[in-house]
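The next block holds one structure in the form of structure tokens; read it before the comments.
The values are calculated or read from the model by the stated rules, or taken from the named source; none is laboratory data. In this text, all values refer to a predicted model and were calculated from it rather than measured experimentally. Cβ coordinates were reconstructed from backbone atoms using ideal geometry, including for glycine residues, and neighbour counts include every protein chain displayed. Quick note on the areas: whole protein, heavy atoms, side chains included, nothing else; ligands and nucleic acids left out. Shrake-Rupley method; radii C 1.70, N 1.55, O 1.52, S 1.80 Å.
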Amino acid sequence: MASFPDTVNENDLGQAKFIGELLAPTAPFDQKSGREAWSVAFSPNGSYFAWSQGHRIVRLIPWTKCLKSFSVDHGDEETDALNPRNLSRHNSERSQTITLDGDPREHTLDCGDIVWSLAFGSSVPEKESRCVNIEWHHFKFGQNHLLLATGLNNGRIKIWDVYTGKLLLNLMDHADVVRDLTFAPDGSLMLVSASRDKTLRVWDLKDDGNMVKVLRGHQNWVYCSAFSPDSSILCSVGSGKSVVAELSVVRDSLAPDPQGQSVFLWNMDKYTLIQKLEGHHNDVVSCEFSPDGALLATASYDTRVIVWDHHNATILLELGHLFPPPSPIFAGGANDRWVRSVSFSSDGRHIASITDDRLIRFWSIEEKAPQAIASLSNGLCCSFSADGKVLAAGTRDGSVHFWESPRSIASLQHVCRMALRRIMTTQQVESLAIPTPLQDYLTYKMV
């Protein structure tokens, strides 16, 4: 079986430009597990990059300095403080700060246990906590606060101040691994954690980390969650043989599926489960909304990335990683094309995926074949930078590799479509008295 359809010649595909890497130091003790870089993250303002480099360590690096280190000629003497080959070992139980020339600073965080998930969150002062006793709060986050949440193997979540490296909060309620973390994009500092204990938990960091709600419904592990750009919808994906999604337009509640559906979308105003999307045949392990909120991408062990119109629960595009396409029975088993991660670029037109066939694929939503590919062994996760120009990918050995994202100038039509879809659902667009071809374009039926 092949990684590409017969109509695609792998030699004709573009090669993504490799720009650099950050290598984890040799572990201070011989341990076969715990080295994995399970999560990589860019801060919303593009100032910092973070990755879990294995053995309970998280590195926080100013992104501009990280880019400068990539420009160093590896054939010359390597003197840059951020050069990956100069990373040192850190065994302290406390956070360590590495002072660089000028601000911002690099930090090494010892989280005390294996780190599975990372998420940046920034505060907007006018987004107040739902707690009425706001004057009792120990922490008062201003507009300049940037936080990093780390999800650990022991079920704990630690909240750090990015600029100082100081530990602020220690959240304890999950009974198993915290597999994923995501902040609401609206600056409210509402944090959602997804865990192997089959639950999602909603935390209000402006209320000193108070747990607001437990979202139940998944019958197995929850792998990943993602907010829509307006923070009104949460998608969660997990272990199971089909896909689900919850929309804020159908019903206020829905009984948990007895067969263990694997993707849910939640109404985050009411904390209710709404509707299901069905299409995957194996565990769904990664999800992300497009920047305009019109599309949802889900990645599964069934060898596919599916791009949905989640407003009306329809499949718009299937991005296959194994050809000919496997039968549902084969896709639901142990194949060598498990898709590990998917990420949407900020331009709304490009998607990246990591698969067990040692390739990273860069896709355009307008094509069914990759625009570019890159080789990567043992890839686990990926994320685009805030400006969409760089893709970072973490691997099993704790290192991170970076590629330049394929770029093209977006058409004026696409820019207008994104602006419209940020404020209108599919149903609202379909109610407009406009020609059918234009309606199809605005609802992404042309992809």
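Here the spin labels are modelled as points 7 Å beyond Cα on the Cα-Cβ line, and at K270 and E366 they lie 3.9 nm apart.
Annotation for the stretch 364-394 versus the stretch 155-186: alpha-carbon center distance of 26 Å.
Packing, taken as the mean count of other beta carbons within 10 Å per residue, orders the peptides 45-54, 213-222 from highest to lowest as 45-54, 213-222. One decimal place: the segment I434-N144 gains 100.0 nm when fully extended, by the rule 0.36 nm per residue minus the C-alpha distance. Rolling a 1.4 Å probe over the protein chains gives D180 an accessible area of about 30 Å². For I409 and S346, the FRET efficiency from 1/(1 + (r/R0)^6), where r spans their Cβ atoms and R0 equals 22 Å, is about 0.95. Report, in listed order, any pair from K206/K270; K166/K206; K270/K445 with a Cα-Cα distance greater than 26 Å. Going by Cα-Cα distance, K270/K445 fall outside the 26 Å limit.
The modelled label-to-label distance between D208 and L23, using points 7 Å beyond Cα along the C-beta direction, is 4.7 nm.
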